[in-house]
Amino acid sequence: MNFEDALNTEANQYQPARRERTSAPSGYEPGIRYESSGVQIVTTPPMEHLANEDDWAKAVHALGVEIPSGWRLRLVEARYDPAAWHRDNVNEDAVTRPVWRYRFAVEPDLAGGTNLDELVVEILKVKPPKPTKAKGVPATQVLLVNDWQLYKAAGDGIEGTVQRIVASWQAALAAKREWSQAGFDVNDLVIVGNGDIVENCVTYANQSYEITGDMRDQRNTARRLIVDGVRTLAPHYSTVRGSVVGGNHGENRQNGRRINRHDNSDAEVFESAADVLAENPDAFGHVSWQIPREELAATIDVRGWILGHQHGHLTGGSGSPEAKMRSWYDKQAGAKRPVGESHILATAHYHHNRLADWGADDRSKAGCLWIMTPALDGGSPFFADMSGAESAPGVTTFLTTEAHRMERYQTIQL
């Protein structure tokens, strides 16, 4: 050992062990998160106050995030921290200073300014589906679409509703992939439009105080969402069929009463979407629709089984939703109306998930399987205040094969 080493008193200098401190509270770590719906959630590092939307875009762009055409930037949350812990440079002492932390969503601009011409341009870009070879048991997927009640202010409002609707298309495709892996050849899709797509403005007395968009807003956004859904789903199926009826919220009313059965926005928005999709027959020639002019209950053949559907507001009397639906169905069967011959009856209206077997799974017998589906809106505070019950938002989908009217039933909470 030399003289200098003998006198070196810093060779084993103590460095205290410390728990690593983060520069952001839990949940506000800077970065980008991708949700299953395709929406990006961008969380910024601590920064100065962002005064306007231009500043938002610059902050997100600085993180390497581009906003594609047809998408928008939405502020999810802004948090002010008056004394944030911060280290300006490595090995420098930490200091505190006031900062802002922001969280943004990069999401489809379905409630924004896209006009009809722009939608058509986007539709023309979609390519035809590629033919696929049959693998497994042939099956048709049924997707039930109802009770969006767009621009209803309850819960998380229009933003939350749009996010759930966009996520529902991805949920349907995820179910299809799961069933394909389980041995089903799922190349056909039936979309059931079962009413209350819009919220309307005159359905009940104080409704105008509980909505955030008028009928023009509601119809435009509904059309864009339907087009987005078909554009997302159609390339994955050989055939896509839609069957649509109106609900009570879609009715054109005067003095609180509907003027007729025909003038219903729940049907109109699907007709408008169908017109847009028809502009690209190469990509959407395998998509067809049945939208009755007058009837509020419809039927469609699904692999030899009759699927009947109505929104759920046509029943009278008292009792549980199932009791009222069963009574209505029995009357339709007694009068030999088409929906009275249904092997499956799908309804909505009450925003809850229900399933009841009213008879054998046999084409030759009169049995029927009743389904009631949940909503995708932000909730019903009045109903919760009155009953104490709440229903989770979700979307229902299932398979129909030649052997069975229903297989692999799923109600997916969103």
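The values are calculated or read from the model by the stated rules, or taken from the named source; none is laboratory data. Since the structure is predicted, the reported quantities are computational estimates derived from the model, not experimental observations. Backbone-built Cβ (ideal geometry, glycine too); neighbour counts: all protein chains shown. Accessible surface is based on the protein model in full, side chains and every heavy atom, while ligands, DNA and RNA are left aside. Shrake-Rupley method; radii C 1.70, N 1.55, O 1.52, S 1.80 Å.
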### Query
What figure in square angstrom, to the nearest 10, would you give for the accessible area of LYS365 with a 1.4 Å probe?
120
## Note on the structure
SASA check, ARG363, accessible area w/ 1.4 Å probe, all protein chains in place, rounded to nearest 10 Å², comes out at 100
### Task
Estimate the FRET efficiency between TRP100 and GLN413 by the formula 1/(1 + (r/R0)^6), using the beta-carbon distance for r and 35 Å for R0, to the nearest 0.05.
0.60
### Task
Grab the Cα-Cα distance for LYS331 and THR212, subtract it from 0.36 nm times how many residues apart they are, and report the gain in nm with one decimal.
38.9 nm
### Query
What is the spin-label model distance, in nm, from GLU390 to ILE32 if the labels are put 7 Å beyond Cα along the C-beta direction?
3.4
### Task
Provide the FRET efficiency to the nearest 0.05 for the LYS365-ALA182 pair, computing r from the beta carbons and using R0 = 22 Å.
0.20
### Query
What is the mean projected area of the alpha carbon convex hull for segment 142-199, to one decimal in square nanometres?
4.3
### Query
If the chain between HIS352 and ASP263 were fully stretched, how many nm would it gain, using 0.36 nm times the residue separation less the Cα-Cα distance?
29.4 nm
### Message
Straight-line reach from LYS176: which lysines fall under 21 Å, measuring Cα to Cα and dropping same-chain residues less than 8 apart?
### Response
LYS127, LYS130, LYS133, LYS135
### Query
Residues of segment 234-254 with amide nitrogen under 20 Å from the 7 Å Cα-to-Cβ point of ALA174?
234-237
### Positive minus negative residues near GLY334 (Lys, Arg vs Asp, Glu; Cβ under 14 Å)
+2
### Query
Given a 1.4 Å probe and the protein chains all in place, what does the accessible area of ARG326 round to, in Å² to the nearest 10?
90
